[in-house]
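Undergrad: What follows is a single structure, and I will ask about it in a moment.
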Amino acid sequence: MTTGHAPRTILITGGSRGIGLACARAFAANGHRVAVTFSSTAVDEPGLLAVACDVTDPAQVNTAVSEIEEQLGPIEVLVANAGITRDGLLVRMSEDDFTEVINTNLTATWRMTKRVLPGMMKARWGRIVILSSVGAYVGAPGQANYAASKAGLIGLARSIAREYGPRGITANVVAPGPIDTDMLRTLPEDRRAALAGVVPVGRIGTPEEVAATVGFLASDPAAFITGAVVPVDGGLGMGF
């Protein structure tokens with residue numbers, strides 16, 4: 001993972017497993033100060049500061065960030081990874097299933113970004129990397145709520161990029177395709193094989209491959225990249 005030369009304070013939301021944990025491990029291995037938030041599954045690993053936080057609760061977000069800043073210093077890199085799914089066909093989807101996904105995936109990212117931006121503005125340096133999905137631009141049956149939330153993250157990131165670029169803050173989006181995480185492992189083997197079959201490279205991706213892209217976008221050498229949507233999807237979304 002390329003992260004520049006200066007050790008940074010990194011906050012990863014939803015960092016207790018999957019892509020978030022892979023990012024946390026990679027940053028820590030490169031000497032950075034890393035904090036992860038979690039809602040239900042705690043993580044206990046050397047080099048990681050784990051903080052319980054329901055990202056849909058403004059008070060918990062404020063408390064968690066304050067704790068991280070007190071222990072590790074001002075947050076310089078935010079990796080907004082926390083997200084949920086509540087799948088179902090649109091006509092059967094409840095109001096709660098739609099709004100919970102929007103609140104967790106989109107609104108909470110706005111909330112966390114708003115909380116850490118003042119410190120980045122003061123330092124005139126910051127990196128915001130938001131995890132979206134290939135579903136943001138290709139759609140997904142049974143995931144109208146999820147796809148809408150992930151598409152909204154792209155507009156959010158690009159607005160941040162335009163507002164805060166002059167202050168040395170970049171905002172970019174990583175859009176993974178099918179990745180070998182707990183969420184994907186809940187699918188039957190034949191469904192997983194079918195997913196791999198439609199990916200041009202012919203396989204499911206790994207969390208570490210996503211983490212490598214996140215690490216580069218968070219680095220000093222990526223200072224001239226902002227407002228970008230970087231697919232890590234084996235070619236699944238090309239053409240969109």
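The values are calculated or read from the model by the stated rules, or taken from the named source; none is laboratory data. Please read all numbers here as calculations on a predicted model, not as lab measurements. When we count neighbours, we look across all protein chains shown, and the Cβ atoms used for this are built from the backbone with ideal geometry, even at glycine. Accessible surface is based on the protein model in full, side chains and every heavy atom, while ligands, DNA and RNA are left aside. Shrake-Rupley method; radii C 1.70, N 1.55, O 1.52, S 1.80 Å.
Undergrad: Condition first: in contact with a Pro (Cβ under 9 Å, 6 or more places away or on another chain) and among the basic types (Lys, Arg). Now tell me which residues in the range 147-197 satisfy that. Explain how you work it out, then say what you get.
TA: Within the range 147-197, the subset in contact with a Pro (Cβ under 9 Å, 6 or more places away or on another chain) is 174-177, 179-181, 184, 192, 195-196.
Scanning the range 147-197 gives a single hit, Arg192.
Undergrad: Residue under question is Val91, and the condition is that it be in a helix (DSSP H, G or I) and over 23 Å from Asp54 (Cα atoms); does it hold? It would help to see each step written out before you state the result.
TA: Working: in a helix (DSSP H, G or I): yes; over 23 Å from Asp54 (Cα atoms): yes.
Here the answer is yes, as Val91 does meet what is asked.
Undergrad: Out of Ala52, Ala59, Ala80, Ala64, report the one residue that is open to solvent by less than 70 Å² (accessible area, probe 1.4 Å) and touching a residue at least 60 places away in the same chain (Cβ under 8 Å).
TA: On the way: Ala52 fails: touching a residue at least 60 places away in the same chain (Cβ under 8 Å); Ala59 fails: touching a residue at least 60 places away in the same chain (Cβ under 8 Å); Ala64 fails: touching a residue at least 60 places away in the same chain (Cβ under 8 Å).
Testing whether each residue is open to solvent by less than 70 Å² (accessible area, probe 1.4 Å) and touching a residue at least 60 places away in the same chain (Cβ under 8 Å) leaves just Ala80.
Undergrad: Does Lys114 meet the test of being touching a helix residue (DSSP H, G or I) at 6+ places or on another chain (Cβ under 6 Å) and assigned to a helix (DSSP H, G or I)?
TA: Numbers: touching a helix residue (DSSP H, G or I) at 6+ places or on another chain (Cβ under 6 Å): no; assigned to a helix (DSSP H, G or I): yes.
It is false that Lys114 is touching a helix residue (DSSP H, G or I) at 6+ places or on another chain (Cβ under 6 Å) and assigned to a helix (DSSP H, G or I).
Undergrad: Counting just the residues of the range 189-201 that are more than 18 Å from Ser133 (Cα to Cα) and open to solvent by 70 Å² or more (accessible area, probe 1.4 Å), which one comes out modelled with the lowest pLDDT?
TA: Only one residue fits best here, namely Arg191.
Undergrad: Hey, among the residues in the range 202-226 that are touching a helix residue (DSSP H, G or I) at 6+ places or on another chain (Cβ under 6 Å), within 21 Å of Asp180 (Cβ to Cβ) and assigned to a helix (DSSP H, G or I), which one's most open to solvent (accessible area, probe 1.4 Å)? First the steps, then the outcome.
TA: Pass one, the range 202-226, residues touching a helix residue (DSSP H, G or I) at 6+ places or on another chain (Cβ under 6 Å): 203-204, 207-208, 210-211, 214-216, 222, 226.
Add one more test, that the residue is within 21 Å of Asp180 (Cβ to Cβ), and what stays is 203-204, 207-208, 210-211, 214-216.
Within this subset, residues satisfying the condition of being assigned to a helix (DSSP H, G or I) are 207-208, 210-211, 214-216.
Numbers: Pro207: 17, Glu208: 112, Val210: 0, Ala211: 3, Val214: 0, Gly215: 0, Phe216: 80 Å².
It comes out as Glu208.
Undergrad: State all residues of the range 174-188 that are crowded, with 16+ Cβ neighbours inside 10 Å and either closer than 13 Å to Arg17 by Cα or among the basic types (Lys, Arg) (or both); if no residue qualifies, say none. If you could, list the steps in order and put the result at the bottom.
TA: First, the residues of the range 174-188 that are crowded, with 16+ Cβ neighbours inside 10 Å: 174-181.
Result: Ile179, Asp180, Thr181.
Undergrad: Among the listed residues Tyr146, Tyr137, Tyr164, which satisfies the condition of being aromatic (Phe, Trp, Tyr), outside any loop (DSSP other than H, G, I, E, B), open to solvent by less than 40 Å² (accessible area, probe 1.4 Å) and on the phi < 0 side of the Ramachandran plot? First the steps, then the outcome.
TA: On the way: Tyr137 fails: open to solvent by less than 40 Å² (accessible area, probe 1.4 Å); Tyr164 fails: open to solvent by less than 40 Å² (accessible area, probe 1.4 Å).
That would be Tyr146, the only listed residue that is aromatic (Phe, Trp, Tyr), outside any loop (DSSP other than H, G, I, E, B), open to solvent by less than 40 Å² (accessible area, probe 1.4 Å) and on the phi < 0 side of the Ramachandran plot.
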